[in-house]
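Bear in mind these aren't lab numbers, they're just calculated from the coordinates by the rules spelled out. In this text the structure is predicted, and so the values were computed from the model without any measurement. Every residue, glycine as well, gets a Cβ built from its backbone with ideal geometry; the counts of neighbours run over all protein chains shown.
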Amino acid sequence: MESALWSPNGRDVLLTLPLGDGQERVWSLWLIPINGDQPTRIAFEGKPLGWTPDGSRIVWWTSIRSAAQPPTPALAFSDRGGRLLWSIRLRDQPRQVLATAAEVVLVHDGALWRIPYGGEPGSEPMCMHELPDIDERLADGIALAPGNDQLAYA
């Protein structure tokens, strides 16, 4: 296991489990119910990044692969059953990711970005706010206020 992330209600955990060995090893992403129900593979290759507040959707990091091109890093969003809702190609993993009720918010390339869930697959993120004075390595994170209606970052 490389990483784990508990669901907001504590009834499920997202785990990455190894497939293959040596240079061919990839980390598949699984949703494991703690009540003993059947696990669901969310992705052949992925790393969990976040849940929506109601636990119905998952944000994860993956590589999009095709026979003609090298793997491309991407941020992906799916339902609990593993159905991909959208993915966006990024050159590297975002510093911070937060899944709200309406969108994914992330700190990436010195700016705060938002990706509404209603966007089309492959659509581009929208820049919410430039963070010219922030060093992404020093950012403490982003969080929702208790009412889930305001965003804070430091």
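Restrict the search to segment 1-71; then list the GluC sites (Glu not before Pro) that DSSP places in a loop and that have at most 13 other Cβ atoms within 10 Å of their Cβ.
Of the GluC sites (Glu not before Pro), the ones in loops of segment 1-71 whose Cβ has at most 13 other Cβ atoms within 10 Å are Glu2.
Per 5 Å bin from zero, what fraction in whole % of the C-alpha pairs of segment 6-114 is there, up to the bin with the longest pair?
Whole-percent P(r) values from 0 Å outward: 2, 12, 21, 24, 19, 12, 6, 2, 0.
For segment 3-10, what does the Karplus curve 6.51 cos²θ - 1.76 cosθ + 1.60, with θ = phi - 60°, yield as ³J(HN,Hα) per residue in whole Hz, taken in order and with x for Gly and Pro?
8, 9, 8, 6, 5, x, 8, x
Neighbour counts of other C-beta atoms within 10 Å: give me Ile64, Ile115 arranged from fewest to most.
Listing Ile64, Ile115 from fewest to most nearby Cβ atoms yields Ile64, Ile115.
Full-extension gain between Trp6 and Ala101, please, as 0.36 nm times their residue separation minus the C-alpha to C-alpha distance.
So the chain would gain 32.5 nm between Trp6 and Ala101.
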